[in-house]
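A quick write-up on the structure given underneath.
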Amino acid sequence: MQPLKPINIHRQLIKERNKTINEQEVLGWVYSVLNTKGEEEMSILNRLTNSPIERSLNNFDIDKVDTDAIFHVTQIQKICSDYRLRFLDTKYFKGNYPSEVLEKISALEKDHNTTLDGFKIIAPSKLFRLDKADDPLLFAPMGNGYFYLIHKWGTDLHPMRKVKFWAVKNVENMGISIFAASLVLTILTIQFFSADTFHMGYNVVLFLFYFKGILGMIFFYGAASGKNFSEYCWASKYDKIT
């Protein structure tokens, strides 16, 4: 049995984008969103740690863009929701930037004759609170909901991360998970609560007991911790969402 491979979020984004659009159409996106903006005389690191400063859009040379680096916010939202990641301005990022990030930004600005601003980053929520290194992806906005991937560093995600956070992706997944857990508990413990003969009424009551119990504990934990479903918190700058 082969070990599970780590999840590469960049590849997952490309897969998600290719479901609705092919590579030849990517350049069509760029033609419709590029606009002129004045360049700013600011250091790269200052723009990263305080972004956005002046602008939330950037100019890119259409002849030099990498089509595998262009993604729409809907594709980013899907991946962030699946893997419980955040997509926030870099001013909220508490991790360190490797030298490759600064080099890539500098090279991009020279190639496209522009000064980048409005950076955003995909990373686990812990990286927006703790100074640790993991698997961030740095983006620059292009306009009309499109973002250009500048650099990915750190390690790939664990292959089971999507499964781990599947139940908290949205309300539907949570409901299915609670139903399945209640059903399994009912099957495993029915012999301790009912007679030897099968009785549907006992089974239903026991199932509802587990269902309401699990649901109540989840609501209590959610209210106490301020947590929310992935599809609602992927772009939130707050650790606790009310």
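Overview of results
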| read-out | value |
| --- | --- |
| Full-extension gain in nm, residue 125 to residue 209, via 0.36 nm per residue minus C-alpha separation | 26.8 nm |
| Sites residue 4 and residue 53 - FRET efficiency at Förster radius 35 Å, r taken between beta-carbons, to 0.05 | 0.25 |
| Per-residue Cβ neighbour rank within 10 angstrom, fewest leading, 166, 234 | 166, 234 |
| Separation in nanometres of the label points that stand 7 Å from Cα toward Cβ, at residue 200 and residue 106 | 7.4 nm |
| Sequence of 128, 220 once ranked by neighbouring C-beta atoms within 10 Å, starting from the fewest | 220, 128 |
| FRET efficiency, residue 64 to residue 235 (Cβ-Cβ, R0 45 Å, nearest 0.05) | 0.95 |
| Residue exposure sequence - 219, 87, 60 - by fewest surrounding Cβ within 10 Å | 219, 87, 60 |
| Residue 46-residue 189 pseudo-label distance in nm [points 7 Å out on the Cα-to-Cβ vector] | 6.2 nm |
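Every number in this text was worked out from the coordinates using simple rules, so none of it is lab data. Just so it is clear, the model here is predicted, and its values are computed rather than measured. Because the Cβ atoms are built from the backbone with ideal geometry, glycine has one as well, and the counts that use them run over all protein chains shown.
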